[in-house]
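The values are calculated or read from the model by the stated rules, or taken from the named source; none is laboratory data. It should be emphasised that the depicted structure is a prediction, and the values quoted were computed from it without experimental measurement. All Cβ positions, glycine included, derive from the backbone under ideal geometry; neighbour counts span all protein chains shown. Surface areas here come from the heavy atoms of the whole protein model, side chains and all, with no ligands, DNA or RNA. Shrake-Rupley method; radii C 1.70, N 1.55, O 1.52, S 1.80 Å.
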Amino acid sequence: MEIDYSKHKQVVVIYPHPDDESFGTAGTVVKFREAGVPVTYLCGTLGEMGRNMGSPFFANRETLPEIRKQELIKACKEIDMDLQMLGYRDKTMEFEDEQKVADDLRQRIEELDASLVITFYPPHAVHPDHNAMGRAAFRAIRDMDAEKRPEVWANAISNGHEEILGSPDIVVDTKTVFQKKLNALKAHKSQIDGMLQKVRKGNEELSEFDLALRHFRYETYHTVNFNE
Amino acid sequence: MESINLNKVQEYLDQWTNKPVYVHVETTNGAYAKHFDANAYNVGAYVRNAQITYTQGKIVEQEGAYRVGLKHEIGWIYAEGLTDFEFNENNQLLMAGHDADGRLMVAMQLSEKPFNY
Ligand SMILES: [Zn+2]
C-alpha cells in the first residue's frame, strides 16, 4: 500500500519510554516530516527503571533519568519531532488512574488537533507500560467526538499477535530514511549499545548500518477504527 | 560505580546506624524475560523511599558478590548479588548487581534525604 504522508496535518506519537519512538516509528516520523507534516511525541516516562545502564555500563539508578532525558531530546532532534514529557514514572503506568491519563492525553491530542495518533496496541505490546499507555490512548480517542477523532495506527509487538489481529495493515519500509532512524536509535546510547553488541555476534562482517537495518528496517501498524 | 570495597561500604553503613534513612530496593529480570523465553516469566519488585532506622547494617562477601542485610527494630531488609557501589555527591550510598552485559539485576540504595520521586 502506498502511503500518502502529506494528507495528514498533525501526527501525535504516544509511548511510555524514551527509545520506544526510535525503535517503533522513527522512520515513519521522518517520512511525515519530509512531507511537511508536524509530529509531536507525548512521552510518558523517562525510563527511570530501565535495566540497561550502558554497555559497558556508565549510568546508575539515580543518574539514569537525566541521562535518558537528554538522550530522548537528542533522538527527537535527529528526526525533527516535537516533544512533550508527561512526567509519569517507568514501570508504574498501569497503576495510574487510567481515566486521568486518558483525559490528559485527550486534551493534548485536541490541542494539537491531531489527524493521526500512533501508539501501542494493547494488550499486544509486551511491556506493562506499553499496554497501559496504549489503553489510555485508546480510551482518550474513544472519549473524543467522532468528528474530531484522529486516525489510529497501533504497534503490536507480542509473540503470536498476528493470530489475533491478523497481519499489519501498514508496513513502512524505512530504508531510504534509515540513516536518520539509526541516528535516533544511537542517541539512546545507554540503551542501544548493548543491543547492537548482542546482534553483532555472528555478523562481524556487517557494517553498523546494515546490521541495524536488518533488525529495525520495517515499522508495522494495525489501523484501529473507533467509529463502529 | 566501582567494584564493591567491603570495608568502605561497611563504613558507609555504620554511619547511619540508629538514624532514619530512606531505602530503595529492587530486583528484576526485565519486562521482556518471557517475551524472549517462553519458559521464563517476569519477576521483579521495587520499594522506593521506605523510611527505616536500622540497628545493624552489614555487608558480607561470597565468591565475589555481596549481600547486605539491614536489621531494624521489627524486621529486616536484605539484598543479594550486589557487585558495584558508589557514594555520590548527594550523600547517597548506591549498590547494584549487574549481569555480564551490564544490565542491572538488583539494587539497594540508602540516603538521608528521600530519593527523587
Ligand atoms: Zn518501551
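To the nearest 20 debye, what is the magnitude of the charge dipole of chain A about its Cα centre, counting +1 on the Cβ of each Lys and Arg and -1 on the Cβ of each Asp and Glu? Spell out each step's value before the answer.
Working: 30 positive and 39 negative charges, 130 e Å.
The dipole magnitude comes to about 620 debye.
If one takes the longest principal axis of the Cα atoms in chain B, at what angle in degrees, from 0 to 90 and to the nearest 10, does the Cα axis of helix B:6-15 lie?
Value to nearest ten degrees: 50.
Roll a 1.4 Å probe over the protein chains and send me the accessible area per residue for the protein assembly as shown in Å². If you can, show how the numbers build up before the last one.
Working: 16480 Å² over 345 residues.
Accessible surface, normalised per residue, equals 48 Å².
In the Gaussian network model of chain A, springs joining C-alpha atoms below 10 Å, which of A:ARG108, A:ARG135, A:ARG149 carries the largest mean-square fluctuation?
A:ARG108
Do any of A:LYS69/A:LYS100; A:LYS9/A:LYS175; A:LYS7/A:LYS181; A:LYS7/A:LYS77; A:LYS7/A:LYS91; A:LYS189/B:LYS19 go past 27 Å between their Cα atoms, and which?
Table pairs above 27 Å Cα-Cα are A:LYS7/A:LYS91; A:LYS189/B:LYS19.
Need the per-residue list for the range B:8-35: every residue with at least 50 Å² less accessible surface in the complex of protein chains than in the chain by itself, probe 1.4 Å, sorted by number.
B:ALA31, B:TYR32, B:HIS35
What is the percent of Cα-Cα separations in the range A:61-103 that go past 17 Å?
Numbers: 422 of 903 pairs.
Tail of the P(r) past 17 Å holds 47 percent of the pairs.
Relative to the isolated chain, which residues of the range B:81-117 have their accessible area cut by 50 Å² or more in the presence of all protein chains (1.4 Å probe, heavy atoms, no ligands or nucleic acids)?
B:ASP101, B:ARG103, B:LEU104, B:TYR117
Please identify the helices of chain A, taking whole runs of DSSP H, that span at least 20 Å along their own axis as judged from the Cα atoms and have a mean Kyte-Doolittle score of 0.5 or higher. Show your work: numbers first, answer last.
Working: long enough: A:64-78 (21 Å, -0.73); A:98-112 (21 Å, -1.29); A:128-143 (22 Å, -0.80).
What comes out of the filter, once short or polar helices are dropped, is none.
Going 7 Å from the Cα of B:GLN62 toward and past its Cβ, which residues in the range B:81-117 have a backbone nitrogen under 16 Å from where you end up?
Those under the cut-off are B:81-83.
Mind giving me the nanometre distance, one decimal, between the label points for A:ILE157 and A:THR223, set 7 Å out from Cα along Cα→Cβ?
2.4 nm
Can you give the Rg/Rh ratio of the range A:5-224, where Rg is from the C-alpha atoms and Rh is the Kirkwood radius? Present the calculation step by step, with values, prior to reporting the outcome.
Numbers: Rg = 16.7 Å, Rh = 17.6 Å.
Taking Rg over the Kirkwood Rh, I get 0.95.
Using just the helices of the protein assembly as shown, give the 222 nm mean residue ellipticity in deg cm²/dmol: DSSP H runs with n ≥ 4 each add -39,500 (n - 2.57), and the total is spread over all residues, rounded to 500.
On the way: 11 runs with 110 residues, N = 345.
The helix-only estimate for the protein assembly as shown comes to -9500 deg cm²/dmol at 222 nm.
How large is the direction-averaged shadow of the alpha-carbon convex hull of the range A:1-115, in nm²? Could the numbers behind the result be given before it?
Working: hull surface 32.9 nm².
Average projection, Cα convex hull of the range A:1-115: 8.2 nm².
Average partner chain C-beta neighbours within 10 Å, per residue of A:50-60? Present the calculation step by step, with values, prior to reporting the outcome.
Values: counts 5, 14, 5, 8, 2, 3, 3, 9, 2, 3, 13.
Per-residue shielding by partner chains comes out at 6.
Using a 1.4 angstrom probe on heavy atoms only, work out the carbon and sulfur share of the accessible area of the range A:5-224 in %. Walk me through the intermediate numbers first.
Details: 4340 of 9130 Å².
About 48 percent, which is the carbon plus sulfur part of the accessible surface.
Set the Förster radius R0 to 25 Å, insert the Cβ-Cβ distance between A:LYS100 and B:ASN49 as r into 1/(1 + (r/R0)^6), and round the FRET efficiency to 0.05.
Values: r = 22 Å, r/R0 = 0.89.
Taking R0 as 25 Å, the efficiency between A:LYS100 and B:ASN49 is 0.65.
Suppose accessible area is computed on protein heavy atoms with a 1.4 Å probe; arrange A:PHE23, A:PHE32 from highest to lowest. Intermediate results must be reported in sequence, preceding the final value.
Working: A:PHE23 55, A:PHE32 0 Å².
Putting A:PHE23, A:PHE32 in descending order of accessible area: A:PHE23, A:PHE32.
What translational diffusion coefficient, to the nearest whole µm²/s, does the range B:7-117 have by Stokes-Einstein, given a Kirkwood radius computed over alpha-carbon pairs, a temperature of 25 °C and 0.890 mPa s viscosity?
Numbers: Rh = 14.7 Å.
Diffusion coefficient, whole number: 166 µm²/s.
Can you give the Kirkwood hydrodynamic radius of the range A:103-228 from its Cα pairs, in Å with one decimal?
On the way: mean 1/r = 0.0606 Å⁻¹.
Every distinct Cα pair counted, the radius reaches 16.5 Å.
Å³ per residue of the Cα convex hull, for the range B:1-43?
Working: hull volume 5.7 nm³, N = 43.
Considering the Cα atoms of the range B:1-43, their hull volume per residue is 132 Å³.
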